[in-house]
Amino acid sequence: MNRKLLAAVPRWSIAVPMVACGILVASSGGSPGWVPLACAGAALFASVVVAVHHAEVIAHRVGEPFGTLVLALAVTIIELSLIVSMMRSAGSGTSSLARDTVYATVMIICNGVVGLCLLAGSLRHHVLAFRIEGTTPALAVLATLTTLTLVLPMLTTSTSGPTFTTAQLIFAGVVSLVLYAIFICVQTGRHRDFFLPEGGASEADHAAPPPVFAAWLGLVLLLISLVAVVGLAKVLAPSIETVVGAAGMPHGVVGIVIAMIVLMPETWAAVRAALRNRMQISFNLALGSALATIGLTIPAVAVTSIILGLPLALGLPPKEVALLALSLLLSAMTLSGGRATVLQGAVHLVVFAVFLFLSMVP
């Protein structure tokens, strides 16, 4: 019986996470050479492929939008644990780490991931359709959370600089968590239909779902794969820092590169859905990841900051605020129509290119 159950799970999808974790352990000590770094890079990309595979297996078993929620929450929780551990180990030197990570994630998702999905999907299917009942509320929550956590700290007068008082920080953390929890309840409960693909089920949806055992094993292997992705990204970070420093670019570029690596599983899954003309799934993944990043990261770093007495800078400088506002405005115009073409994808990718260029050449 066990052999029959294991036969439902491809052997490579079991072996890759284990090998990747082994490479992670082997390369995490000391200063690895180029060969271990090359192996770590290969293991990272293989782990991304496996993570997306297991996420799709789980999604097929539990149905949408629960499937996309599993991947978004898993990536965010592991990324969050990395941020909190870095805050605890580095102390006051990471006061802007949470802000930079959240900002980079929102910009990458709203412009890079959304733009890539729109471009890839429209090149194959010309006109893409999605449900505005699902995209518009998600964007409304995202705009509210980003303004509360990334813009208002620069405008409050109780403290100087991009910070909140303890009371304001607690309030922002509670509001972020509550608003995200309400969104999840709406997405998976009363208004679940708003987040299902337009046009009904696809051929893949009609296929027989995997066994329960395969879904649970897939969940375990998904978490292992994501741990490997985040861990290998951290291993590669010093080499990325060396390259960035040699090129004379700001240190913040390192955070952007790491955020892009960590978001690779969701990006890959979103693009695959767009190529199958399942744009609602793509937007569920993209916007859900951005919302989870803010809704879970801000409360966690707020608690960490208060307990450890660490400074926490949240407010963005004017240039970043302008780019964030442009991204939210552009996303509102794209996601409120229910239809999109290659033009919208190109515009989002141009804004993403502007974000990357100005990060490297401020």
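The values are calculated or read from the model by the stated rules, or taken from the named source; none is laboratory data. These figures come from a predicted structure and were not determined experimentally. Cβ sites come from the backbone with ideal geometry, for glycine too, and all protein chains shown count toward neighbours.
Might you check whether a residue that is farther than 22 Å from R99 by Cβ and among the aliphatic types (A, V, I, L, M) occurs anywhere in region 319-334?
Initial filter on region 319-334 (farther than 22 Å from R99 by Cβ): 332-334.
From what is left, the residues that are among the aliphatic types (A, V, I, L, M) are 332-333.
Yes, there is a match, as at least one residue in region 319-334 is farther than 22 Å from R99 by Cβ and among the aliphatic types (A, V, I, L, M).
When you check A138 against the structure, is it touching a Leu at 6+ places or on another chain (Cβ under 7 Å) and farther than 16 Å from P299 by Cα, yes or no? Please lay out each step first, then the result.
Working: touching a Leu at 6+ places or on another chain (Cβ under 7 Å): yes; farther than 16 Å from P299 by Cα: yes.
Yes; evaluated as a whole, the condition is true for this residue.
Looking for whichever is closer than 30 Å to R131 by Cβ, of a type outside the set (D, E, K, R), in contact with a strand residue (DSSP E or B) (Cβ under 9 Å, 6 or more places away or on another chain) and touching a residue at least 40 places away in the same chain (Cβ under 8 Å) here; the options are G295, G288, G338. Which one fits? I'd like the intermediate steps shown before the answer.
Details: G295 fails: in contact with a strand residue (DSSP E or B) (Cβ under 9 Å, 6 or more places away or on another chain); G288 fails: in contact with a strand residue (DSSP E or B) (Cβ under 9 Å, 6 or more places away or on another chain).
Just a single option satisfies the conditions, and that option is G338.
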Please state which one of L312, L328 is surrounded by fewer than 22 Cβ atoms within 10 Å (Cβ to Cβ), in contact (Cβ under 8 Å) with a residue 12 or more places away in the chain and over 16 Å from L118 (Cβ atoms).
-> L328
Scan region 304-362 residue by residue and report those that are within 27 Å of P250 (Cα to Cα), β-branched (V, I, T) and touching a helix residue (DSSP H, G or I) at 6+ places or on another chain (Cβ under 9 Å).
-> T304, V321, V347, V350, V351, V354
Could you please find all residues in region 200-224 being in a loop (DSSP other than H, G, I, E, B) and either hydrophobic (A, V, I, L, M, F, W, C) or modelled with pLDDT under 60 (or both)?
-> G200, A201, S202, A207, A208
Hey, can you tell me all the residues within region 139-171 that are modelled with pLDDT under 90 and among the small types (G, A, S)?
-> S158, S160, G161
Can you run down the residue pairs with Cβ atoms below 9 Å, 6 or more apart or on separate chains, where the first is in region 107-125 and under 17 Å from S359 (Cβ atoms) and the partner is outside any helix (DSSP H, G or I) and of a type in the set (A, V, I, L, M)?
-> I108/L263; I109/L263; G112/L263; V113/L263
Starting from region 1-26, take each residue that is farther than 14 Å from L44 by Cα and list its partners that are modelled with pLDDT under 80 and aliphatic (A, V, I, L, M), counting only C-beta distances under 6 angstrom and pairs at least six apart or across chains.
-> A8/A214; V9/A214
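Could you tell me which residue of region 158-182 is nearest to V303 (Cα to Cα), considering only residues that are hydroxyl-bearing (S, T, Y) and in a helix (DSSP H, G or I)?
Quick first cut of region 158-182, residues hydroxyl-bearing (S, T, Y) only: 158-160, 163, 165-166, 176, 180.
Remaining after also requiring in a helix (DSSP H, G or I): 166, 176, 180.
Numbers: T166: 10, S176: 13, Y180: 17 Å.
Among those residues, the one meeting the criterion is T166.
Would you confirm, using the coordinates I've provided, whether V114 is part of a helix (DSSP H, G or I), at pLDDT 70 or above and surrounded by fewer than 20 Cβ atoms within 10 Å (Cβ to Cβ)? First the steps, then the outcome.
Values: part of a helix (DSSP H, G or I): yes; at pLDDT 70 or above: yes; surrounded by fewer than 20 Cβ atoms within 10 Å (Cβ to Cβ): no.
Criteria not met by V114.
Residue-wise test of (1) of a type in the set (D, E, K, R); (2) crowded, with 24+ Cβ neighbours inside 10 Å; (3) at pLDDT 85 or above.
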position	(1), (2), (3)
I258	no, no, no
P265	no, yes, no
A270	no, yes, yes
N277	no, no, yes
S282	no, yes, yes
T297	no, yes, no
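Yes or no, residue by residue, for (1) assigned to a helix (DSSP H, G or I); (2) at pLDDT 70 or above; (3) out of contact with any Gly (no Cβ under 9 Å at 6 or more places or on another chain); (4) surrounded by fewer than 15 Cβ atoms within 10 Å (Cβ to Cβ):
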site: L5; (1), (2), (3), (4): yes, no, yes, yes
site: C21; (1), (2), (3), (4): yes, yes, no, no
site: P32; (1), (2), (3), (4): no, no, yes, no
site: A38; (1), (2), (3), (4): yes, yes, yes, yes
site: A43; (1), (2), (3), (4): yes, yes, no, no
site: V50; (1), (2), (3), (4): yes, yes, yes, no
site: H53; (1), (2), (3), (4): yes, yes, no, no
Could you check region 250-348 for helices (runs of 4 or more DSSP H) lying wholly inside it with 2 or more residues that are closer than 28 Å to T166 by Cβ?
-> 252-262, 279-308, 318-335
